[in-house]
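Working notes, beginning with the structure itself.
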Amino acid sequence: MIQRYSRPDMVSIWTPEARFRIWFEIEAHATTALAKLGVVPQSAADALWAWWATNPAIDVAAIDAIEAVTKHDVIAFLTWVAEQVGEEARFMHQGMTSSDVLDTCLSVQLARATDILLADMDALLAALKRRALEHKFTPTMGRSHGIHAEPVTFGFKLAQAYAEFDRCRARLAAARDEIATCAISGAVGTFANIDPAVEAHVASELGLKVETISTQVIPRDRHAMYFATLGVIASSVERLAVEIRHLQRTEVLEAEEYFAPGQKGSSAMPHKRNPVLTENLTGLARLVRSAVTPALENVALWHERDISHSSVERGIAPDATITLDFALARLTGVVDKLLIYPERMLKNLNRMGGLIHSQGVLLALTQAGVSREGAYAIVQRNAMKVWESDGALQLRDLLGADPEVTSRLSPAQLDGLFQLDHHFRQIDHLFERVFGPQG
């Protein structure tokens, strides 16, 4: 992932040095367990940990140089460590296979990356809650098919986003639990040359669970679910970003990304204030989702393993987590600083001559004894006149002059049907559903 769309803490998880350090910990913990079982001498484990206690630098270039000859990354790493530790290093990797190291390391990296993503989600949820409560009763236009439907509040819109991201967080926590598994089971996963107690020890030391049963690799359905979860979160990011982009359109302009002093919107048109952050989020969401199909295709490996998944995961694991980390942080900033224009919202609400209250009149007529079909026809024929006048006519006035309406509803009843408060009578209840009693 390019530096432009990355943040340091997440990037640090995926550096070669970080990967090699995890590899060492896996090998050293396994050697410790093997020593307790009497398979290798305790001096071997002691030598590894004594060297590690010096906080040695990891010479990535030297390891790469060895790999250029061996054509095998784990062997290159073990060779380099042996050069540093000495004779006792020969007891490393007893009964293990490369995938034990690679897959367990990937689990550690994905778990650590997910911890950052969960913190990102918490920050986003906090921002959404704050702004939702701030605009709990700010009237705005609810739209279906892009057309004025009925009034909502802007806080209601943000509460919807909060509930969606709250579900996303729960999915992400579950995905972390499922991906954080350890496999130290040897060639083809049978434990023929290594005791399951070694796996249990390594898993405990690294904060993982043991894989229930592996082949030579951790089953890739776990990874498929993980990346699918990231893809769903990315889609939720885009959903809110698209909503903000629509609300910033000149014809709507009910909300707007913060426009900083000195910021420029266009090299050609000095007046422009473009929704560049949320447009960027749509693009980043596409990148995260692009990891999903390859992850699904990685599930079907040949027999006990092949490495068709390996090159894919070397790309999608860092790219998807780094990109989503950046996107969640960016969306949090957008929500936190979002410019909201209640006056413009009210202006748009009133733009179409009261059409947004048509359902209330329809229901009132049916309650007054008119058939639903008849009531619909009465309201629609008056509403279409308002629509075709582009809001110049008022639905309340037309209905008040329609004998089929006035014979059933009094002027006071009609007036009561054109009040915004009616649409918001359940907002407290909905906020309590989303945020709990404090909502």
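The values are calculated or read from the model by the stated rules, or taken from the named source; none is laboratory data. No experiment lies behind these values; they were computed from the predicted model shown. Neighbour counts are summed over all protein chains in view; Cβ atoms, including those assigned to glycine, are modelled from backbone coordinates with ideal geometry. Surface accessibility is based on the protein's heavy atoms, side chains included, excluding ligands, DNA and RNA. Shrake-Rupley method; radii C 1.70, N 1.55, O 1.52, S 1.80 Å.
The simple Förster model, with R0 at 30 Å and r as the Cβ-Cβ distance, assigns Q42 and I213 a FRET efficiency of 0.45. The residues of segment 178-290 expose, per residue, 46 Å² of accessible area to a 1.4 Å probe.
Rounded to the nearest 500, what is the chain's calculated 222 nm mean residue ellipticity when only DSSP H runs of at least 4 contribute -39500 (n - 2.57) each, over all residues?
About -20000 deg cm²/dmol.
Amide hydrogen proximity for C182: with H placed 1.01 Å from N in the peptide plane, the residues at 5 or more positions away or on another chain lying under 5 Å are K209, V210, E211.
How many Å² of accessible area per residue for segment 1-65, probe 1.4 Å?
The answer is 49 Å² per residue.
Surface listing: W49, W302, W80 arranged by accessible area from highest to lowest gives W302, W49, W80, probe 1.4 Å. Heavy-atom surface analysis with a 1.4 Å probe gives segment 99-217 a carbon and sulfur content of 55 percent of its accessible area.
Taking the Cα centre of the chain as reference, the dipole from Cβ charges on Lys and Arg (+1) and Asp and Glu (-1) amounts to some 1840 debye. Extension gain for S311-A50 works out to 90.6 nm (0.36 nm per residue, less the C-alpha to C-alpha distance). Just the protein heavy atoms count here, and of the accessible area of segment 226-341 at 1.4 Å, carbon and sulfur take up 58 percent.
Once the Cα atoms are used to define both axes, helix 73-85 deviates from the longest principal axis of the chain by about 50 degrees. Reported to the nearest whole Å, the Cα centre-to-centre distance from segment 127-180 to segment 390-432 is 28.
Rounded, prolate or oblate: which fits segment 114-196 when a ≥ b ≥ c are the square roots of the eigenvalues of the alpha-carbon gyration tensor, with rounded for a/c under 1.5 and prolate only if a/b beats b/c? Prolate. On a 26 Å Cα-Cα criterion, which of the cross-link pairs K272/K337; K129/K264; K129/K209; K272/K385; K264/K347; K136/K347 come out too long? In this structure, K129/K264; K129/K209; K272/K385; K264/K347 lie more than 26 Å apart at Cα. In nm, to one decimal, how far is the modelled label at A149 from the one at D64, with both set 7 Å along Cα→Cβ? About 5.4 nm separates the two model spin labels. Accessible surface for segment 292-439, divided over its residues, is 54 Å² per residue with a 1.4 Å probe. Pop the C-beta distance of N350 and T406 into the FRET formula with R0 = 22 Å and round what comes out to the nearest 0.05. Plugging the Cβ-Cβ distance into 1/(1 + (r/R0)^6) gives 0.40.
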